[in-house]
Each structure stands twice: as C-alpha cells, then as structure tokens.
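Okay, so here's the structure we're looking at.
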C-alpha cells in the first residue's frame, strides 16, 4: 500500500518535472530564434528556465531515490554480504529521511519568512519568492515518503525498489 502511494506521488511529481523540462527546452529554443532571427531577445525566459530547473530537481528527487539513481558506491556495496548490504540500505534511507526533514522544515520556514517580508525575485518577472521556495518542502515530503518506503523495504529484508523491479543491475543507494 505504501509502495503504491509513493509510486503514484513520485510518478506524478516526475511527470510535472518532465513537463517543466520540456517547457524549458521549448522556451530556450524560442528565445534563441527570437534573439538571432528577429533581434528581440525575451529577457524573462532565463528566469523562467531557472525556476523550472529548481522544480525539476525538487520534483524528481523522490523518483531518483526509488530508481537507485542517487549517488552511491556500487563497487563497495556489491561486495558486502546480504546482511551488511541491508544495513547500508537502512542507513542510506535514514540519511535521506534526515535530509528530507531538513528540506521540509527549512524550506517551509524560509518560504513563510519570504511571504511575510513580501520578497519577490530579482529581474523582470518579480514573482513572489515564497511560491518558488515551496518547492523545497514539497520535494522534501516526496523524498521523505520515498525514504520511508526504502527503509521499510530494507527493514523487511526486501530488495530496494529498483533492484526488485530489475530496473538496474546494481544496488545503488
């Protein structure tokens, strides 16, 4: 049940991240044509693409954890006994969960402070920064859910999601 809920949430967030990436690609292409063909460079495109990049990173982190694509030392992990590998996966999930809590708490606090102060982004758009900063706690919640799932699987002795599904050859954590 937890696995299905995390898969759905991480998948939806990854779909949004993919849309943000595609929109960025289209905007950059359009801006290049505007700049070189019509000598009319839109100044706001760089800002939007920068904000979209933050969204891509924060929204895709949970799926990256589930897919075993976070930084890991496969060479060492593959040489461990199954029992020690299980402990590595447990500690890895705990570390990711701790980082998630930092993202949630600090991201929320920073966003609410920016909202209270009425801060806006620099540049031509002047978007409220608190809206953009909310990507940190949202990404943190998604990553925390994926971390809890990873911890639960390791505690139960099950392989990580990516290893169980055969998505990768190694057990990267």
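The values are calculated or read from the model by the stated rules, or taken from the named source; none is laboratory data. Quantities reported herein were computed from a predicted structural model and do not represent experimental measurements. With ideal geometry, Cβ positions are generated from the backbone for all residues, glycine too; neighbour counts draw on all protein chains shown.
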Quiz item: Only one of (1) in contact with a helix residue (DSSP H, G or I) (Cβ under 9 Å, 6 or more places away or on another chain); (2) exposed (fewer than 15 other Cβ atoms within 10 Å of the Cβ) fails for residue 62. Which number is that?
Solution: (2)
Quiz item: Of the residues 94, 75, 16, which is surrounded by fewer than 17 Cβ atoms within 10 Å (Cβ to Cβ), assigned to a helix (DSSP H, G or I) and modelled with pLDDT under 90?
Solution: 75
Quiz prompt | Condition broken by residue 12, with the remaining ones in (1) within 13 Å of the chain's Cα centre (by Cα); (2) in contact (Cβ under 8 Å) with a residue 40 or more places away in the chain satisfied | solution = (2)
Quiz item: Among the helices (runs of 4 or more DSSP H) confined wholly to region 104-173, which include 1 or more residues that are within 16 Å of the chain's Cα centre (by Cα), under 16 Å from residue 6 (Cβ atoms) and at pLDDT 90 or above?
Solution: 135-155
Quiz item: If a residue has to be without any contact (Cβ under 8 Å) to a residue 60 or more places away in the chain, in contact with a strand residue (DSSP E or B) (Cβ under 8 Å, 6 or more places away or on another chain) and at negative phi to count, how many in region 113-148 make the cut?
Solution: 6
Quiz item: Are any of the residues in region 99-110 more than 21 Å from residue 13 (Cα to Cα), touching a helix residue (DSSP H, G or I) at 6+ places or on another chain (Cβ under 7 Å) and free of Cβ contacts under 8 Å to residues at least 60 places away in the same chain?
Solution: yes
Quiz item: When only residues in region 111-137 that are touching a helix residue (DSSP H, G or I) at 6+ places or on another chain (Cβ under 8 Å) and exposed (fewer than 13 other Cβ atoms within 10 Å of the Cβ) count, which is nearest to residue 55 (Cα to Cα)?
Solution: 125
Practice problem: May I ask you to say which residue of 32, 49, 56, 6 is out of contact with any strand residue (DSSP E or B) (no Cβ under 8 Å at 6 or more places or on another chain), over 17 Å from residue 140 (Cβ atoms) and crowded, with 17+ Cβ neighbours inside 10 Å? | Solution: 49
Quiz item: How about region 1-22: which of its residues are over 19 Å from residue 161 (Cα atoms) and touching a helix residue (DSSP H, G or I) at 6+ places or on another chain (Cβ under 6 Å)?
Solution: 16, 17, 20, 21
